[in-house]
Amino acid sequence: MAKIGFVGLGNMGAPMARNLVKAGHQLKVFDLSETAVAGLVAAGATQAATASDAARGVEFVMTMLPAGEHVRAVYRGEGGLIAAADKGTLFIDSSTIDVPSAREAIAAAEAAGMQMIDAPVSGGVGGAEAGTLTFMVGGSDDAFGKAKPLLEKMGKNIFHAGAAGNGQVAKVCNNMILGISMIAVSEAFVLGEKLGLDAQTLFDISSTASGQCWSMTSYCPVPGPVPTSPANRGYAPGFTAAMMLKDLRLAQDASKTARTPTPLGAQAAQLYALMEAAGEENLDFSGVIKLIRGEI
Ligand code: NAD
């Protein structure tokens, strides 16, 4: 069983860390929130005094932090994870962050004699709890091979997307598709409704026709056709509009860096930004249909 340091025990990190403990691994955990740490200690982990303490004397260090700035602050510098860890430690960063920060962190870890992969996830809190996340991994074949058995304790689909940073590339591209397709489905259902076509009928037709997509068949933004979708519970998340906006802004940053136009991605980011401006960013992102209906 592996010795693992785990930093960042929020909505995602806590259930992921619990699944590693359940699988029999020895975890040293740290978070700025004492309550979050106490929850993991109750589940069988050991408390680390600081992030760098979590990185000492372990074979793997996992991080699940909010954004690029947190990852840069936690990994780099004198008090950072890279300076504290033993040579040969393998770092796994599962935070969703910008591609340059991911690539810089991996280069810094490798320069210090460590290994590191970027391994962002999709599947949300439900997937983290059930251990069914999808991992999109960037990094060397060797590091991927070593990390895979651990990732399999937290996820169901583990993809090696290529070199350092490519996990983040896959994540922003996927979520840009999702953010755009949710708006497309929402516009179609509102238009159908205004023209007298009931939502269930449109769903029955489109879900078996060429308009079919995940945003419709698994996460339909109108109540009724998909009973488990957030539309049936007042758009309680799920995956908040704020998180979708974060990912679409990362996609826009990437689009600028790569000098590649993503006009619909840009429009989608603006629509979720309008939800935020209206104070509705904590609704599920499928609540964008309310914006299209003129309800927010
Ligand atoms: P969260 O805000 O619930 O958790 C982040 C945790 O990091 C918090 O507990 C915070 O105290 C801790 N933290 C921040 N700075 C720290 C530091 N310097 N040292 C130690 N701990 C620190 O966020 P989350 O929902 O768990 O998401 C984590 C990452 O996963 C984000 O990048 C997010 O975009 C991504 N993600 C989230 C979801 C989701 O549905 N929540 C889905 C996929 C990906």
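Filtering segment 252-269 for residues that are in contact with a strand residue (DSSP E or B) (Cβ under 7 Å, 6 or more places away or on another chain) and at pLDDT 95 or above leaves an empty set. Taking the criterion of being more than 12 Å from the ligand (Cβ to nearest atom), buried (at least 16 other Cβ atoms within 10 Å of the Cβ), within 17 Å of GLY8 (Cβ to Cβ) and over 20 Å from the mean Cα position of the chain (by Cα), would at least one residue in segment 93-108 satisfy it? Within segment 93-108, not a single residue is more than 12 Å from the ligand (Cβ to nearest atom), buried (at least 16 other Cβ atoms within 10 Å of the Cβ), within 17 Å of GLY8 (Cβ to Cβ) and over 20 Å from the mean Cα position of the chain (by Cα). Looking only at segment 239-284, residues that are more than 18 Å from ILE296 (Cα to Cα), polar (S, T, N, Q) and open to solvent by 60 Å² or more (accessible area, probe 1.4 Å) come to 2 in all.
Restricting segment 39-61 to residues that are assigned to a loop (DSSP other than H, G, I, E, B), within 13 Å of the ligand (Cβ to nearest atom) and of a type outside the set (S, T, N, Q) leaves a set whose member that is farthest from GLY124 (Cα to Cα) is ALA49. Exactly one residue out of ALA36, ALA14, ALA23 is of a type in the set (A, V, I, L, M) and either touching a His at 6+ places or on another chain (Cβ under 6 Å) or more than 9 Å from the ligand (Cβ to nearest atom) (or both): that is ALA23.
With respect to the conditions (1) open to solvent by less than 30 Å² (accessible area, probe 1.4 Å); (2) out of contact with any Lys or Arg (no Cβ under 7 Å at 6 or more places or on another chain); (3) aliphatic (A, V, I, L, M), ALA236 falls short on a single one, namely (1). Of these, GLU295, GLU276, GLU281, which one is assigned to a loop (DSSP other than H, G, I, E, B) and within 21 Å of the chain's Cα centre (by Cα)? GLU281 is the lone residue from the list that is assigned to a loop (DSSP other than H, G, I, E, B) and within 21 Å of the chain's Cα centre (by Cα).
If the condition is being farther than 17 Å from MET275 by Cβ and within 16 Å of the ligand (Cβ to nearest atom), then segment 193-228 contributes TRP214, SER218, THR228. Restricting the first member to segment 17-38 and to residues that are assigned by TED's automatic domain parsing to the domain that holds VAL74 and open to solvent by 20 Å² or more (accessible area, probe 1.4 Å), and the second to residues that are within 11 Å of the ligand (Cβ to nearest atom) and among the aromatic types (Phe, Trp, Tyr), the beta-carbon pairs closer than 9 Å and six or more apart or on different chains are LYS28/PHE6; PHE30/PHE6; ASP31/PHE6. Restricting to segment 221-232, name every residue that is without any contact (Cβ under 8 Å) to a residue 40 or more places away in the chain and surrounded by 13 or more Cβ atoms within 10 Å (Cβ to Cβ). The answer is PRO223, GLY224, PRO225, VAL226, ASN232.
Scanning segment 1-12 for residues that are crowded, with 18+ Cβ neighbours inside 10 Å and under 23 Å from ASP86 (Cα atoms) turns up ILE4, GLY5, PHE6, VAL7, GLY8, LEU9.
The values are calculated or read from the model by the stated rules, or taken from the named source; none is laboratory data. What you see is a predicted model; the values in this text were computed from it and never measured. Neighbour counts run over all protein chains shown; Cβ positions are idealised from the backbone, glycine included. With ligands, DNA and RNA removed, areas are computed over all heavy atoms of the protein, side chains included. Shrake-Rupley method; radii C 1.70, N 1.55, O 1.52, S 1.80 Å.
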